[in-house]
Amino acid sequence: MKTHIDKLRNPNYLGGWDLQDQNGKTIDKIVTIKEIKSEHVFNQKAQMEEPVLTVFFNECKPIILNATNRKTLKKVTGTEYIEEMIGKKVQLTTKRIKAFGEFHDAIRIVNTVPQEKVEVVDIEACKSKLNKATTKEELVSTWNSLTPKEKSTAEVLAEKDKLKNTLK
């Protein structure tokens, strides 16, 4: 198990490292908006306090709302009014962005209304399961044990088709 160095900082706000599993793979998180308010945070560069818009969630630490996430939040919740956003669910993810001359893992609100359960497909595990089949019958049985999302993943489907042509 790996530990991202920034997880040891215990910041007050959610960071990109908070949305990674123990192997460093990005995981999405569905959260419920608890509160949105203006706060003041210390800007290291400007060496002064500045106002920011903060979104608090029931399930995790809050995020500071940048312009990109503010636009997405209005679209996903279907409203421009804070009071109407409370209790709505959004899906958080991490995107690799270039800012200030460097690459960073930034928290982003996903641009669609979240599904209740986010299924992450472990492509290598699916391919490994399929490769254990020694006959076409075993391949069919293993294929049927996969979830619909796993079956619709291009890499998994390609592996199944490759094996189908090589097994007896």
Scanning the stretch 117-166 residue by residue, those assigned to a helix (DSSP H, G or I) and within 22 Å of the chain's Cα centre (by Cα) turn out to be ILE123, GLU124, ALA125, CYS126, PRO148, LYS149, GLU150, LYS151, ALA154, GLU155, VAL156
Checking the condition outside the structural domain of THR32 (by TED's automatic domain parsing) and in contact (Cβ under 8 Å) with a residue 12 or more places away in the chain, which residue from PRO114, PRO51 passes?
PRO114
Check off (1) assigned to a strand (DSSP E or B); (2) within 28 Å of GLU150 (Cα to Cα) for TRP17 and give me the number that stays unchecked.
(1)
So ILE64 fits all but one of (1) surrounded by fewer than 16 Cβ atoms within 10 Å (Cβ to Cβ); (2) touching a Phe, Trp or Tyr at 6+ places or on another chain (Cβ under 7 Å); (3) of a type in the set (A, V, I, L, M); (4) closer than 16 Å to ASP28 by Cα; what number is the exception?
(4)
Considering only residues that are in contact with a strand residue (DSSP E or B) (Cβ under 7 Å, 6 or more places away or on another chain), among the basic types (Lys, Arg) and loosely packed, with under 15 Cβ neighbours inside 10 Å, look in the stretch 75-101 and name the one that is farthest from VAL31 (Cα to Cα).
ARG96
Take the residues of the stretch 34-70 that are in a loop (DSSP other than H, G, I, E, B) and basic (Lys, Arg): which is farthest from GLY15 (Cα to Cα)?
LYS45
If you check every pair at least six apart or on different chains, which have Cβ atoms under 8 Å apart with a residue in the stretch 156-168 that is at negative phi first and a residue that is of a type in the set (Asp, Glu) and surrounded by 15 or more Cβ atoms within 10 Å (Cβ to Cβ) second?
VAL156/GLU150
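With the structure loaded, tell me whether GLU137 is closer than 30 Å to THR54 by Cα and either free of Cβ contacts under 8 Å to residues at least 24 places away in the same chain or in contact with a Leu (Cβ under 7 Å, 6 or more places away or on another chain) (or both) or whether it fails that test. Walk me through it before giving the result.
On the way: closer than 30 Å to THR54 by Cα: no; either free of Cβ contacts under 8 Å to residues at least 24 places away in the same chain or in contact with a Leu (Cβ under 7 Å, 6 or more places away or on another chain) (or both): yes.
For GLU137, the condition - closer than 30 Å to THR54 by Cα and either free of Cβ contacts under 8 Å to residues at least 24 places away in the same chain or in contact with a Leu (Cβ under 7 Å, 6 or more places away or on another chain) (or both) - is not met.
The values are calculated or read from the model by the stated rules, or taken from the named source; none is laboratory data. Quick caveat: nothing in here was measured; it's all calculated off a predicted structure. Please note: Cβ atoms are built from the backbone with ideal geometry, for glycine as well, and neighbour counts cover all protein chains shown.
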